[in-house]
1. Restricting to the range 405-457, give me the number of residues that are farther than 16 Å from Lys477 by Cα, part of a strand (DSSP E or B) and among the polar types (S, T, N, Q).
2. Which of the residues spanning the range 271-284 are under 20 Å from Ala229 (Cα atoms), of a type outside the set (Phe, Trp, Tyr) and open to solvent by 20 Å² or more (accessible area, probe 1.4 Å)?
3. So how many residues does the range 357-404 have that are in contact (Cβ under 8 Å) with a residue 40 or more places away in the chain, assigned to a loop (DSSP other than H, G, I, E, B), surrounded by 17 or more Cβ atoms within 10 Å (Cβ to Cβ) and of a type outside the set (Gly, Ala, Ser)?
4. Could you list all residues from the range 64-97 that are open to solvent by less than 50 Å² (accessible area, probe 1.4 Å) and modelled with pLDDT under 95?
5. Please go through the range 269-315 and pick out each residue that is of a type in the set (Ser, Thr, Tyr) and assigned to a loop (DSSP other than H, G, I, E, B).
6. Mind checking which residues of the range 101-137 are of a type in the set (A, V, I, L, M) and at pLDDT below 95?
7. Take the range 285-312 and flag every residue that is buried (at least 18 other Cβ atoms within 10 Å of the Cβ) and among the small types (Gly, Ala, Ser).
8. I'd like the full set of residues that are in a strand (DSSP E or B), among the hydroxyl-bearing types (Ser, Thr, Tyr), open to solvent by 20 Å² or more (accessible area, probe 1.4 Å) and touching a Leu at 6+ places or on another chain (Cβ under 7 Å), limited to the range 119-176.
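The values are calculated or read from the model by the stated rules, or taken from the named source; none is laboratory data. These numbers were taken from a predicted model, which means no experiment stands behind them. Positions of Cβ are backbone-derived with ideal geometry, glycine not excepted, and every protein chain shown enters the neighbour counts. Side chains included, ligands, DNA and RNA excluded: accessible areas come from the protein's heavy atoms. Shrake-Rupley method; radii C 1.70, N 1.55, O 1.52, S 1.80 Å.
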Amino acid sequence: MRKAILAWLVFLLLSAYLTGRAGSTGPLAPGPAEDTTAPGGTYFIWEAEEPSGVVSLRHAHLGGRELAILALNSSGLYRLVALNARTGSEVASSTNFTCAPYGLCPIGDYLIVLAEYGLSHRLLIFNSSLGLACSFRFDAPLRGPWAVSPDSFFILANRTLFCYSLEDMSLKWSSGFREADFLTVLPVGQAVLAVGHVNSTWLARWISPEDGSVISEVELGWLSWASGAALLPYNASCLLVWAWNKTMSQVRLVHLDGLKPSWAWFPGLLTYLLVVPDLDGDGAPEVLGLSASGSHTDIYIISGSSGRELFSARKDIEAISAFWSGGHRAFLLAEEGAYLMEFELLKGEVGDLWHLPCSLACLLPDLDGDGYPELLASRGNCVLCVWGSYDGYPPVVVSTWPPDGFSTSIPSVLLKAKVEDQGSGIKRVVFVVDGREVDAAYDGGYYVAYVRLSEGVHKWSVKAVDKVGLSASEGPKLITVNMSFFGGPGWEDDVLFFGPWAVALIALAAFVLRKKLGRTVGPSPPA
């Protein structure tokens, strides 16, 4: 009997311990509700609602922070806002200004803004807290800015270069090309390259970034057919020259030493050009070209080492520009929003992964460590940080515990599951016990939950949901909680067995007590 009583005491103490531990562990707090407007295959990392419409956005690294910079327009009053790129929380804001921004560019620890005010234009320089540090007025549209160093930059106004110092907020030098009817510029290494069309001749001038003096000048006879050109950085020894006239385009890889072209590609009329990473394994970056016309866009990928066409395909959208995402993926931007696409080079096919309706978009750094940058986009006054990859596979439930058919005499039971997801990652894991969901907490490589069960047979299963909404489950399985001495669920067999013994023990105790009391209070023996 003492052993039986001791066993029940141990059971009660263990139950109290497990119940207390279950309460201290607790379920994970539920995450934000899944946004049904996110395209299939991706999810919103964060959303921010602004008080007015977003007219421009840009990623910037200012003051040691990764920021999303927004330009807001409220009935002609403009304001800059800096959001934490990881969380979407506001960290800085400028005062209102009245000129309309059309270019944002971080240089060093400053944000350079090009803006329009009536017939004039403004160059605005903001510090890392978005306080206005300096402003300059121009009577011509501005292009750029281009960084020369962390503390200096230049812009192009009409046909004049203006170089500014961020150390003392002043103009360092200016260099005019007033005789040119077309001018394009690019910082290259320790110099600035200016290419202009002067008196029917294309000239290239190397300019010192220190004082604006002309270092050397070269005539580009191979550009004689063109009416316009753009310069794109390619690598340390070459650049790309994209030239055009009314009927055709041409792309050339040009060596910086002597500005001699090595190959030429004739795509027809291009509308956008982008240098992308090496895709064919020869160590040279490739070139992505877009030719948009009407309701479709022809997409080309050109070998950077030879100018050979590696890939071409047509999509039924009119793409305006593109961002390279990583791997064989790119974002194509159109009036309808951003399209994430994947290129199958060997098959000559391009697959649609997802489409996000938006008005503006740019890239953010990789925030989750999967190797792909995220997408910053806006819809009116709503700003979205969108996971920049694609997940088409549900999570996998690798293992669970306890095994099916498990039996225990302790009502507090630990449920465990090992769940993996190679795409977007796990958002939530729940154990479904007799139809009731119990949130699981992540602990030491497993998702765990303590549940308190009544006596009898219970059904349980596990369900895992990843961040894009795909789910997987395993079960149901059975758990038997048995607190009977003889191993069968319920107390009936214990009562049938122990009942007669209990009655007999009570009767015996009463008999012994009566005999004992009878001896104590009986008559005294005669003297």
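1. 1
2. Thr271, Leu274, Val275
3. 8
4. Matches in the range 64-97: Gly76 only.
5. Thr271, Ser295, Ser303, Ser305, Ser306
6. If we filter the range 101-137 for residues that are of a type in the set (A, V, I, L, M), which is where we start, we get 104, 107, 111-115, 119, 123-125, 130, 132-133.
Leu119, the sole residue that qualifies.
7. Result: Gly289, Ser291, Ala292, Ser303, Gly304.
8. From the range 119-176, those in a strand (DSSP E or B) are 120-126, 132-138, 142-149, 152-157, 160-165, 170-176; that's our starting set.
From what's left, among the hydroxyl-bearing types (Ser, Thr, Tyr): 120, 135, 149, 152, 160, 164-165, 170, 174-175.
Checking which are open to solvent by 20 Å² or more (accessible area, probe 1.4 Å) leaves us with 135, 149, 170, 174.
Once the filter is applied, which keeps residues that are in a strand (DSSP E or B), among the hydroxyl-bearing types (Ser, Thr, Tyr), open to solvent by 20 Å² or more (accessible area, probe 1.4 Å) and touching a Leu at 6+ places or on another chain (Cβ under 7 Å), the range 119-176 yields Ser135, Ser174.
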